[in-house]
Each structure stands twice: as structure tokens, then as C-alpha cells.
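Undergrad: To start, I am sharing the structure in question, which I have written as C-alpha cells.
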Amino acid sequence: CDKESRTEIQLLRSQKATLIEILSGDADFVLQHADARSLLSLHGYQQVKACRIPSEKVTDLLDHIIQRGPEAAKGLLELLKEKDLQETFPRLDFIKHLQVNTSSSGRTNNKEKTSSHLVNEKQLMTVARAIGKCWREIGRSALDVSSVKLEQIEEDHSLHVERVFAMLRYWQTCQRKKATAAHLHSLLSQGEWALPSESIDFLLRTD
């Protein structure tokens, strides 16, 4: 993942001690809200729920979300800004004023879009349907997704196509502005796990 996607995680890490102190006031309330937003895997939820001491529960919750990556970290920061949590924990007000450092991305975005369009969810789902049982090998060798992340995806989703789609979405999140249809096509048409061109050539169409 690039630096931008790590900034949400860095923000959570830097505020961890403060958040543990504030959220320990009602750790279960935070856990239920985080679970409602699917910020934890089932295993992670059960692990955190089993903690008896509120401060440990919040520590485990934050650690688990940080480990899940930038999307979960961003989801938690958004959750902490919500009215329910702001009313329950008035001291969380400071979260609304924290800035995630993405200032550089806005300026270059327009140039990037014209050279090659970013891949969209519909295209990712079409690709997901084209990938068979060797999806893990494709994830590891072509898309550079770690084995730990692939295991987590497998645990979170029971249907094959949903697993592959989640893997592609994770790649897209990590790549950010580099997640173009042309780039994905290039990665999936190389090496021993290359997909047949008829399955992925639609990615090169500009319409």
C-alpha cells in the first residue's frame, strides 16, 4: 500500500492511548457499533468480546482494526465522528478536527483520469467471475496480496466470487490512483496464472 493509505492507520496509532482512555467508558457500545459496520472479522469480534477488562477490550479492538488495514481504519475514524458516539463520549470531539494527509492526491487526480480510467466495482465483479480456483495464487503472485490477507478474506466470505471480489477490492484500495483498468489487465495477463484474454480484454475498452 502507498503512503496515503497508511495515514489513517498512523492517525489511529498516534491517538491510541487517548482513544483507549475515552472509549473504555463503554467498550461494549463501541464494539457493537464497530461490528455493525463490519469493521471486524467474526473471529476478531469474538476475540474482542471475550475480553473482560474494558481498557483491554478497546486495546484489542483498535489493534484488530489497525491490522485489517486502511479501509477498516478509515471506517473506525468515520464511526468515531458519528452523532451516537460523539454524544456518548463528548471527549471524542477532537477526532472531527484531525486531518488525514491526502492533500497531494487532489491536484494530480484529473491528469491521471485522462491517461487511463480507474477500475470500477462492476469491472472488478466481472473479473472476479472469470477467476477460478487458483485465485489465491493470482492474489499472491500477480496482485502482491499477502497470505495473511488472503486467509482473512477467506474467513470473512463464504462464496468464491465474493472472496475474489474482496481480494480485488483490497488490491484497488492499496493501489489507489494506480488501480487503473489497464494496470489490472497487465497484471492478470502475465505469468503462469494469466487469465484468457477474452475474460479480461473488456478492461481495455474506453467506452
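Derivation of every value follows stated rules applied to the coordinates shown; laboratory data play no part. Quick caveat: nothing in here was measured; it's all calculated off a predicted structure. Counting neighbours? That spans all protein chains shown, and the Cβs are built from the backbone with ideal geometry, glycine included.
Listed here are the residues, each with its yes/no results for (1) assigned to a helix (DSSP H, G or I); (2) of a type in the set (Lys, Arg); (3) closer than 17 Å to Val119 by Cβ.
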site: Glu137; (1), (2), (3): yes, no, no
site: Arg140; (1), (2), (3): yes, yes, no
site: Val145; (1), (2), (3): no, no, yes
site: Gln152; (1), (2), (3): yes, no, no
site: Glu155; (1), (2), (3): yes, no, no
site: Val164; (1), (2), (3): yes, no, yes
site: Met167; (1), (2), (3): yes, no, yes
site: Tyr170; (1), (2), (3): yes, no, yes
site: Thr173; (1), (2), (3): yes, no, yes
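Undergrad: Something else: Of the residues Leu143, Leu159, which is out of contact with any strand residue (DSSP E or B) (no Cβ under 7 Å at 6 or more places or on another chain) and surrounded by 12 or more Cβ atoms within 10 Å (Cβ to Cβ)?
TA: Details: Leu159 fails: surrounded by 12 or more Cβ atoms within 10 Å (Cβ to Cβ).
Unique residue meeting the criteria: Leu143.
Undergrad: All but one of (1) in contact with a Lys or Arg (Cβ under 9 Å, 6 or more places away or on another chain); (2) without any contact (Cβ under 8 Å) to a residue 24 or more places away in the chain hold for Ala181, so report the exception by its number.
TA: (2)
Undergrad: Which of the residues that make up the stretch 165-207 are in contact with a strand residue (DSSP E or B) (Cβ under 7 Å, 6 or more places away or on another chain) and among the hydroxyl-bearing types (Ser, Thr, Tyr)?
TA: Selection gives Thr180 alone.
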